[in-house]
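Input: a single structure, listed below in structure tokens.
The values are calculated or read from the model by the stated rules, or taken from the named source; none is laboratory data. Computed from a predicted model, the values in this text were never measured in an experiment. Glycine also receives a Cβ, built like all others from the backbone with ideal geometry; neighbour counts cover every protein chain displayed.
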Amino acid sequence: MRVNFEHKPHPRIAEHSKIRPPTTRAEHVGVNGRIALALTTAVGTMWCAYAFAGLALVVLPQAVAGGLLTLVQWVSQTFIQLVMLSVIMVGQNILARVSDKRAAMTYKDAEATFHEAEQIQAHLRVQDDAINALLDKVEKLETSIARS
């Protein structure tokens, strides 16, 4: 009697070693995508938010002079939309960078887990060899005892 086990690695393990975790910056984009990315990068800064706030404040005196309705419209349709657009985009950029870092960390954790699993498989192979050696000795002893 021998311990026979053949380890069959999952196909994803071989795939895993060939690819890196996806990142926002590594995403392939065409010409329109590059234009959109450039505009998004430019608008998604706090400096752009300050510029939009300044632009909106230029017409604030006219909004105040126009009465309460005009002021409310200015605040909601001009100031908030212009300024918050850039602020939200800044937040999204930060979240994307954090997401990329998290993906990289998860990838490294998966690599470590694969390594540990490989070490366990190697350890089990050594134990199987030791068990097989013991079983061979027991078999020889049984044969020797049976002859006597």
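Which ones in region 114-148 are hydroxyl-bearing (Ser, Thr, Tyr) and modelled with pLDDT of 90 or more? So that I can check it myself, show each step before the final result.
Residues of region 114-148 that are hydroxyl-bearing (Ser, Thr, Tyr), as a first pass: 143-144, 148.
Once the filter is applied, which keeps residues that are hydroxyl-bearing (Ser, Thr, Tyr) and modelled with pLDDT of 90 or more, region 114-148 yields 143, 144.
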Restricted to region 18-38 and to residues being among the hydrophobic types (A, V, I, L, M, F, W, C) and under 24 Å from residue 104 (Cβ atoms), the residue surrounded by the most Cβ atoms within 10 Å (Cβ to Cβ) is 37
Criterion (over 30 Å from residue 108 (Cα atoms), at pLDDT 85 or above and among the hydroxyl-bearing types (Ser, Thr, Tyr)) met by exactly one of 70, 41: 70
Hey, does region 92-113 have a residue that's surrounded by 13 or more Cβ atoms within 10 Å (Cβ to Cβ), modelled with pLDDT of 90 or more and of a type in the set (A, V, I, L, M)? no
Within region 92-99, is even one residue among the small types (Gly, Ala, Ser) and within 15 Å of the chain's Cα centre (by Cα)? yes
Condition check for residue 83: touching a residue at least 12 places away in the same chain (Cβ under 8 Å), surrounded by 13 or more Cβ atoms within 10 Å (Cβ to Cβ), over 24 Å from residue 19 (Cα atoms) and under 22 Å from the mean Cα position of the chain (by Cα): no
